[in-house]
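Here is the structure we will look at, set down as structure tokens.
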Amino acid sequence: LLPTMETVFNKLDQPLPLGYCNVGEVAAVGLGVTEFSIGDRVASNGPHAEYVCVPKNLVAKIPDSVTDDQAAFTVIGAIGLQGIRLLKPELGETIVVLGLGLIGLLTARLLQSHGCKVIGIDIDENKITQARETGIAAFNSEKEDAVSLVQTLTEQQGADGVIITASAKTNQIISQAAQMCRKRGRIILVGVVGLELNRTEFYQKELSFQVSCSYGPGRYDPQYEQKGIDYPLPFVRWTEKRNFEAVLQAISTAHLKVDDLITQVVPLDNFSKIYGNLTDSLAIASILQYEERSNGVPASSVTIKPTTYRSGEVIMGIVGAGNFTQMTMLPALKSSPGKIKYIISARGLNAASLAQKFNIAKAGTDYQEVLADSEVNLVIITTRHHLHAEMVVAAIQANKHVFVEKPLALNQQQLMDIVNVQQENEQVMVNVGFNRRFAPLVRKMKALLGPDPAPMNLVITMNAGFIPPEVWVQDMEQGGGRIIGEACHHIDLASYFCGSQVNQVCMNALGPNPQSNTDNASILLKYENGSNAVINYFANGHKSYSKERVEVYYQGKTLIMDNFRKLQGFGFKGFTKQSGRQDKGHREQFNKLVQHTTEGAGPLIPFTSLVNTSLASIKALESLQLGQWLKVELS
């Protein structure tokens, strides 16, 4: 219960970036981006910020005839347009728009440009009046029977289609939509309403019902949104980006008029005027305006708490401000004698929030600033996995001690790059976050086994739990998969118990044709001292079973550790069992990290062991592909 509560409260404590659509000029373009140039005026779906980093498929150029204020309607207009595309209205059809908020009003106007007769339904007289001014037959459903009214306006035939843009918990809205429709009518849900459907209402008329997904095809597809892989136009005519462009074109040709929907334009400093009064029924579209910057150069960091440092102190710069940093690392570092000068995140918001919460001096977005600061002597990297190796190399080249959360690298080339640069700068300490060997029960096991144990058998089982394939960890390019990204923990743990290095590895996985990102696999390890280990990394078990279990069989004795809470010994004189609160060694690991950095005591784990563990996890995947045992050696 306690870990669950901590997770929930930490999540609630995280800030959410606000905003929906922004308009500005391109300040820089990334590699492979050819359709945009610096200085282009564009609209995108990024959050409220002076500078936003947006994938190219979520950005559209603004026609010269469209003002910045008008272009701010691009993204929210695309939401309404996607609903219309799913409805497929025809010239002369009667379409009802249920809900006349901003999306509803834009949807109704776009339907008018399609040549449709539009009936608008809402409970806000201000929105109803706004709709009527553009020729929409708008009515208040609290004052009139909306179903009867639609039947009357359609000569008792019913509407050809209904687009629901309302937001309400009631099931009445979906029921009304069904009653308003003619036989074989269409209903599209854009908003959020109760969805307990009355079968009779849909059955008798053979109604079609579909939920619209945001801006259009491509939404929530990481291949499209994050990697910029477009859908071929002949097969997917309207993607979310092409919907953006269509809205801008409609504004440019005056088929969609939006100026009268702007009820307030507020300087950024007065943002509370908007967000402090969101229930104002007179407000329809509110625009935040940013101050013009003469030099156009964004600051890469801000000072949260001015701090001075003494010579000899461990001064840290943290790169990465995700869940692990917030929930595990920063609480563990809080009691250490080291000082954190920087925390860096890609967009800055999480970094600034955590800097305030944990009294960190600076928050920023550019880790190069950390590397250039002569006061910083320890860089801690907790970014997504594909960035680890290049950041480790950069930290070593900057003569900074480095701690990187696992994995150290995703492939042999990255690992070799680290090995080469470390050999050129051996005084720099490289550490990897293999925290489990610092757990109290693990240390007890090691003590029971002795400092120089004979060959042993180990079985380590990880009941990892299911993670959807779209999560970044499962992406081989970004996360490396769970074997490289997570099972490396257990390879290191096995090596710690054996007191030796892996010299051969073989992996088998579940299913007739397992993929490289499998998370149901058994890894077999042979050690130089003759020990054997089996690591079972399974994602298909039940969550009520223990997450981690370690079994050691050694010279007629057995040790069983259950979830870092309970340890049982069989055949040991004077020891049978030990238990306590779950402790996976994070606090001890970071205390020792600061101590070793202060004393110049060298890495927490020998560098050769770190390389061996990393290579064993990489070779495990290669073994799966080749179907054979592989030697664990850099090639």
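Here G602 clears all of (1) free of Cβ contacts under 8 Å to residues at least 24 places away in the same chain; (2) open to solvent by less than 30 Å² (accessible area, probe 1.4 Å); (3) within 30 Å of I315 (Cβ to Cβ); (4) not aliphatic (A, V, I, L, M) except the condition numbered (1).
All conditions in (1) at pLDDT 95 or above; (2) open to solvent by less than 40 Å² (accessible area, probe 1.4 Å) hold for S148, with the sole exception of (2). Could you figure out which of (1) among the aliphatic types (A, V, I, L, M); (2) out of contact with any Asp or Glu (no Cβ under 9 Å at 6 or more places or on another chain); (3) in a loop (DSSP other than H, G, I, E, B); (4) surrounded by 14 or more Cβ atoms within 10 Å (Cβ to Cβ) isn't true of V236? Result: V236 fails condition (2) only.
Considered as a group, the residues in the range 202-223 that are modelled with pLDDT of 95 or more and part of a helix (DSSP H, G or I) include one that is surrounded by the fewest Cβ atoms within 10 Å (Cβ to Cβ), and that residue is Y203.
For the range 504-536, the set of residues classified as hydroxyl-bearing (S, T, Y), more than 20 Å from Y553 (Cβ to Cβ) and in contact with a strand residue (DSSP E or B) (Cβ under 8 Å, 6 or more places away or on another chain) consists of T518 only.
For the subset of the range 567-588 comprising residues that are farther than 19 Å from S546 by Cα and among the charged types (D, E, K, R), which member is nearest to the chain's Cα centre (by Cα)? In this case the residue turns out to be R587. Entry remark, the range 547-577: residues being touching a strand residue (DSSP E or B) at 6+ places or on another chain (Cβ under 7 Å) and either surrounded by fewer than 16 Cβ atoms within 10 Å (Cβ to Cβ) or more than 12 Å from V442 (Cβ to Cβ) (or both) number 19 in total.
For the range 89-112, filtered to residues that are among the β-branched types (V, I, T) and not in a helix (DSSP H, G or I), the residue that is most open to solvent (accessible area, probe 1.4 Å) is T94.
Within the range 113-135, the set of residues being within 17 Å of D259 (Cβ to Cβ) and part of a loop (DSSP other than H, G, I, E, B) comprises E133, T134, G135.
Tell me, please, whether a residue that is under 27 Å from the mean Cα position of the chain (by Cα), at pLDDT below 95 and of a type in the set (D, E) can be found in the range 442-456. Within the range 442-456, none of the residues are under 27 Å from the mean Cα position of the chain (by Cα), at pLDDT below 95 and of a type in the set (D, E). Within the range 536-546, count every residue that is open to solvent by 80 Å² or more (accessible area, probe 1.4 Å) and not hydroxyl-bearing (S, T, Y). Of the residues in that region, 3 qualify. Regarding S212, is this residue closer than 25 Å to I188 by Cβ, out of contact with any Phe, Trp or Tyr (no Cβ under 9 Å at 6 or more places or on another chain) and of a type in the set (S, T, Y)? Spelling it out, S212 is indeed closer than 25 Å to I188 by Cβ, out of contact with any Phe, Trp or Tyr (no Cβ under 9 Å at 6 or more places or on another chain) and of a type in the set (S, T, Y). Mind counting the residues in the range 605-623 that are open to solvent by 30 Å² or more (accessible area, probe 1.4 Å) and touching a strand residue (DSSP E or B) at 6+ places or on another chain (Cβ under 8 Å)? The total comes to 2.
Quickly run through the range 378-406 and pick out the residues that are aliphatic (A, V, I, L, M), in contact (Cβ under 8 Å) with a residue 60 or more places away in the chain and open to solvent by 10 Å² or more (accessible area, probe 1.4 Å). Once the filter is applied, which keeps residues that are aliphatic (A, V, I, L, M), in contact (Cβ under 8 Å) with a residue 60 or more places away in the chain and open to solvent by 10 Å² or more (accessible area, probe 1.4 Å), the range 378-406 yields only M391. The set of residues in the range 248-304 that are in a strand (DSSP E or B), open to solvent by less than 70 Å² (accessible area, probe 1.4 Å) and either more than 24 Å from S345 (Cα to Cα) or not hydroxyl-bearing (S, T, Y) (or both) comprises I262, T263, Q264, V265, V266, P267, A285, S286, I287, L288. Residues in the range 481-521 that are assigned to a strand (DSSP E or B) and surrounded by fewer than 22 Cβ atoms within 10 Å (Cβ to Cβ): N503, Q504, C506, N508, A509.
The values are calculated or read from the model by the stated rules, or taken from the named source; none is laboratory data. Predicted model, so just to flag it, every value in this text is computed and none were measured. Please note: Cβ atoms are built from the backbone with ideal geometry, for glycine as well, and neighbour counts cover all protein chains shown. Calculation scope for accessible area: heavy atoms of the full protein, side chains included, ligands and nucleic acids excluded. Shrake-Rupley method; radii C 1.70, N 1.55, O 1.52, S 1.80 Å.
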